[in-house]
Amino acid sequence: ENDIVEFKSTDSSGAKKSKKVIISNEDELWAQYKYKHISEAMNGITASFNEFVKNNSTAKLQKGAMGDLNLDKMSDIIRSMPQYNELLQKYTMHMNLIDDCLEIFTRSDLKEIGEIEQCLATGVDGEGHSIKNSKLVSLIVSKLASGKLSDEEKLRLLMIAVITLELTEKDRKMLTNDLLPEDQRTVQNLVWLGVTPVSYTHLTLPTIYSVQISVVAVSLKKK
């Protein structure tokens, strides 16, 4: 939050403590990998650390006794080299960030969510076969009921569904009835982008004959 990263670091005595760091482009690793795929960032940062170890005899001895590198072993190497503490803490921070991202990815089933969103956008599944609306609705309902998605993730998925699918009124109600009131209004405001959203009996929509959008960004949550 506000470019501040909090992570667990290990000091020279082996004690773990929480540390906060302002992250910016002055951090070469951040500047290099912030827009990369997570696997590319992980491999790149690990390779960079291994290159440092290769060129430092103390670190080389530590790594040689430990085998394959992971976050705990990286911490052990850092403790053996207090003179490089600031530099090596950067590697620890970035590996922590990657671990946190992977944990969120797994916890929220983002792989499956991404696959559903791709199906919604293209109308075909991962094999290139046409996929029926009814199957997509069933997949979405299942994900919404999983308890793994945040309110924001639910809203994103539902907005994509409302924009891309020809939904029956029954399907629309089934997908949106459990939304928070403010999120229901967000879906309703899709009408200002030329999308026919869910119809609510207690709301009266304006008749839109022509809408021209000339602004850079539209706030869907504008009341």
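The values are calculated or read from the model by the stated rules, or taken from the named source; none is laboratory data. Computed from a predicted structure; not experimentally measured. Please note: Cβ atoms are built from the backbone with ideal geometry, for glycine as well, and neighbour counts cover all protein chains shown. The area values use the complete protein model at the heavy-atom level, side chains included, leaving out ligands, DNA and RNA. Shrake-Rupley method; radii C 1.70, N 1.55, O 1.52, S 1.80 Å.
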Kindly provide the set of residues from region 110-123 that are of a type outside the set (S, T, Y) and within 18 Å of M159 (Cα to Cα), ordered by number.
L110, E112, I113, G114, E115, I116, E117, Q118, C119, L120, A121, G123
Are any of the residues in region 163-170 within 17 Å of E112 (Cα to Cα), at pLDDT 85 or above and part of a helix (DSSP H, G or I)?
no
Residue satisfying all of: in region 19-46; open to solvent by 60 Å² or more (accessible area, probe 1.4 Å), farther than 25 Å from K111 by Cα and not in a loop (DSSP other than H, G, I, E, B); modelled with the lowest pLDDT among these
K19
Quick one: which of A145, A121 is touching a residue at least 40 places away in the same chain (Cβ under 8 Å) and within 30 Å of I38 (Cα to Cα)?
A121
